[in-house]
Amino acid sequence: MKQAAGPRTRFGAWLARPLASFHLIVTITGLLTVLGLVMVLSSSSVEAYADTGSAYGTFTTQLIFVAVGAVLFYVALLLPVRLMRTMALPAFGVSVVLLALVLIPGIGTLSGGARRWFTLGPLSFQPSELAKVTLVVWGAHLLASRRQNASVKEMVVPLVPAALLVCVLIVLQPNLSTTIAFGIILASLLWFAGLPLRLFLGIVAAGAAAALVLALTAGYRSDRVKAYLNPGADPQGIGYQGRQAKFSLADGGLFGRGLGQSRAKWSYLPNSHNDFIFAIIGEELGFLGCMLVIGLFALFVYAGLRIAMRSIDPFLRLLTATATTWILAQALINIGYVIGLLPVTGLQLPLVSAGGSSIAITLFMFGVIANAARHEPEAVAALHAGQVGRFGRMLRLPMPEQYSPARAEAARKAAQAKAAQKRAAQQRAAQQQRAAAPPPRRRAVAGRPAPDPRRADPRRGRALASDERTRRSNGRTGERGFRR
């Protein structure tokens with residue numbers, strides 16, 4: 001008797017479960033967050049003790065933001081998809097306003113030559129991190145609301161102009177690394193939405209050219225490019241940080257020096273707890289520790305794209321695929337400039353690097369992806385059948401709604417009809433204003449005779465009766481060739 005075909009491995013059998021994607025995202029999020037807390041404590045303890053007298057200063061701040069991020073992760077799990085789409089545009093508008101406010105002296109905090117933060121006591125908040133999430137959600141909502149065979153103009157407008165406005169506000173801070181992250185988000189949205197390849201390549205080329213110009217115009221950014229092209233030209237100056245990062249990685253070897261035993265964190269490697277924390281991981285945990293981090297991000301990419309492919313809701317497909325691409329690209333750029341394959345940009349390693357608002361907002365984004373995993377068709381069917389599990393019962397998560405294409409099409413048509421009615425009402429109001437406005441009076445111009453009032457006679461151009469002609473000619477019709 002033949003056995004039924006099925007998964008041959010335990011991992012394959014586990015992946016075949018309806019809620020496997022959800023549990024995978026939650027597990028990866030927890031592992032990366034815990035690893036990040038451990039490495040932030042190890043890499044920041046020396047400088048924190050030198051600055052504040054406590055080795056736990058930076059770690060405590062990171063722990064507070066992780067707690068905030070955990071709450072945001074749970075809130076993201078509770079959000080209905082309909083509410084997410086309803087609040088997408090207002091949230092994006094708020095983030096744009098915050099990006100404008102942070103540029104105002106006295107409101108935004110100037111630090112390191114850039115005005116990027118709002119400071120509230122000991123805590124700081126970076127509005128550009130919030131703008132990343134709102135652009136992902138609003139862009140996915142906007143593109144998913146378009147009809148299936150939408151024109152190029154419908155796909156590009158107003159998404160690209162809005163994204164360019166955000167990029168301009170961030171360049172003014174200045175913050176090129178975050179601008180690059182926004183460019184990645186915009187390119188991902190357009191790619192997964194099905195923008196024609198030629199136009200997509202044109203937009204990517206224009207963005208790359210703009211990034212290159214910005215990188216070469218500012219002094220500190222051009223120094224980073226010079227250090228990348230010729231690392232040994234100034235080993236104690238612009239090339240110092242990159243060389244120290246490579247020394248840390250080489251010192252770690254295969255198994256590392258041991259947790260907390262890094263030498264580079266003793267003021268040899270600047271920003272060792274933030275931008276260059278991957279170098280400390282390599283030094284303390286070795287090559288195997290680095291491969292563990294890379295493996296976790298690879299597993300996250302697999303889970304994210306799996307959720308995107310299994311989702312039948314266009315909004316969740318675009319949202320999950322774009323968020324996964326953005327987080328992957330940010331991780332690859334960070335690892336790339338630590339090991340010397342890319343110029344230093346300042347992008348952090350998601351969930352691992354120290355960065356208060358960054359880790360809180362990233363945890364919220366991971367929660368949104370986990371929420372999308374619970375909306376897979378098989379997951380929805382299993383949850384409604386009572387297969388909630390202990391984790392779901394503990395969190396008391398609401399039941400996800402099954403996506404209905406007919407209902408989504410009806411909602412899209414209703415939104416289009418409402419927009420058409422609004423445009424028609426605006427056109428009628430404009431016509432009424434033009435009709436109610438008095439006609440403009442013609443003024444006599446200097447050097448020109450005043451217009452003849454007889455030209456405004458409404459009877460001008462009409463044939464006149466014979467007695468009227470006689471009256472107007474004062475009885476001299478015969479002199480003008482008329483016969484009585």
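The values are calculated or read from the model by the stated rules, or taken from the named source; none is laboratory data. Since we're looking at a predicted model, the values are computed, not measured. Cβ sites come from the backbone with ideal geometry, for glycine too, and all protein chains shown count toward neighbours.
Is it the case that PRO343 is assigned to a loop (DSSP other than H, G, I, E, B), on the phi < 0 side of the Ramachandran plot, at pLDDT 80 or above and buried (at least 21 other Cβ atoms within 10 Å of the Cβ)?
no
Would you pick out the residues in the stretch 342-357 that are touching a Lys or Arg at 6+ places or on another chain (Cβ under 8 Å) and within 16 Å of SER128 (Cα to Cα)?
Selection gives THR345 alone.
Given the conditions (1) within 20 Å of PHE366 (Cα to Cα); (2) of a type outside the set (D, E, K, R); (3) surrounded by fewer than 15 Cβ atoms within 10 Å (Cβ to Cβ), report the number of the one that GLY113 does not fulfil.
It is condition (1) that GLY113 fails.
If ASP234 passes every condition in (1) surrounded by fewer than 15 Cβ atoms within 10 Å (Cβ to Cβ); (2) within 31 Å of the chain's Cα centre (by Cα); (3) over 30 Å from ILE25 (Cα atoms) but one, which one does it miss?
Only one criterion is unmet by ASP234, namely (2).
Sort out which residues of the stretch 301-315 are touching an Asp or Glu at 6+ places or on another chain (Cβ under 7 Å) and either without any contact (Cβ under 8 Å) to a residue 12 or more places away in the chain or not β-branched (Val, Ile, Thr) (or both), and write them in order of number. Show your work before the answer.
So in the stretch 301-315, the residues touching an Asp or Glu at 6+ places or on another chain (Cβ under 7 Å) come out as 307, 310-311.
Those that are touching an Asp or Glu at 6+ places or on another chain (Cβ under 7 Å) and either without any contact (Cβ under 8 Å) to a residue 12 or more places away in the chain or not β-branched (Val, Ile, Thr) (or both): ARG310, SER311.
Has the stretch 72-85 got at least one residue that is more than 30 Å from SER404 (Cα to Cα) and not β-branched (Val, Ile, Thr)?
No.
Against the condition out of contact with any helix residue (DSSP H, G or I) (no Cβ under 9 Å at 6 or more places or on another chain) and over 28 Å from GLN62 (Cβ atoms), how does VAL204 come out, does it pass?
no
Being outside any helix (DSSP H, G or I), under 20 Å from the mean Cα position of the chain (by Cα) and under 30 Å from TYR220 (Cα atoms) narrows it down to one residue among LEU103, LEU99; which is it?
Exactly one of LEU103, LEU99 is outside any helix (DSSP H, G or I), under 20 Å from the mean Cα position of the chain (by Cα) and under 30 Å from TYR220 (Cα atoms), namely LEU103.
Could you tell me which residue of the stretch 147-157 is nearest to GLY108 (Cα to Cα), considering only residues that are without any contact (Cβ under 8 Å) to a residue 24 or more places away in the chain and outside any helix (DSSP H, G or I)?
The extreme case among them is VAL157.
Hey, could you check the stretch 287-330 for residues that are β-branched (Val, Ile, Thr) and touching a Ser or Thr at 6+ places or on another chain (Cβ under 8 Å) and say which is surrounded by the most Cβ atoms within 10 Å (Cβ to Cβ)?
Looking at residues that are β-branched (Val, Ile, Thr) and touching a Ser or Thr at 6+ places or on another chain (Cβ under 8 Å), I get THR320.
What do you reckon, is GLY346 under 30 Å from ALA245 (Cβ atoms), of a type in the set (Gly, Ala, Ser) and out of contact with any helix residue (DSSP H, G or I) (no Cβ under 9 Å at 6 or more places or on another chain)? So that I can check it myself, show each step before the final result.
Working: under 30 Å from ALA245 (Cβ atoms): yes; of a type in the set (Gly, Ala, Ser): yes; out of contact with any helix residue (DSSP H, G or I) (no Cβ under 9 Å at 6 or more places or on another chain): no.
For GLY346, the condition - under 30 Å from ALA245 (Cβ atoms), of a type in the set (Gly, Ala, Ser) and out of contact with any helix residue (DSSP H, G or I) (no Cβ under 9 Å at 6 or more places or on another chain) - is not met.
Counting only residues that are closer than 27 Å to TRP191 by Cβ and at pLDDT 85 or above, how many does the stretch 96-149 have?
Of the residues in that region, 22 qualify.
Restricting to the stretch 237-282, and then to whatever is of a type in the set (D, E, K, R) and outside any helix (DSSP H, G or I), can you tell me which residue is farthest from SER358 (Cα to Cα)?
Within the stretch 237-282, the match that is farthest from SER358 (Cα to Cα) is ARG257.
Output yes when any residue across the stretch 123-145 is touching a strand residue (DSSP E or B) at 6+ places or on another chain (Cβ under 6 Å) and either part of a loop (DSSP other than H, G, I, E, B) or surrounded by 21 or more Cβ atoms within 10 Å (Cβ to Cβ) (or both), and no when none is.
Yes.
Suppose we filter the stretch 158-177 for residues that are more than 10 Å from the chain's Cα centre (by Cα), closer than 26 Å to PRO343 by Cα and assigned to a helix (DSSP H, G or I); how many remain?
Number satisfying all stated conditions: 9.
Can you tell me which of PHE255, PHE200 is aromatic (Phe, Trp, Tyr) and surrounded by 13 or more Cβ atoms within 10 Å (Cβ to Cβ)?
Criteria check complete, one pass: PHE200.
Tell me yes or no: at least one residue of the stretch 85-99 is exposed (fewer than 15 other Cβ atoms within 10 Å of the Cβ), closer than 24 Å to THR134 by Cα and basic (Lys, Arg).
No: the stretch 85-99 contains no residue that is exposed (fewer than 15 other Cβ atoms within 10 Å of the Cβ), closer than 24 Å to THR134 by Cα and basic (Lys, Arg).
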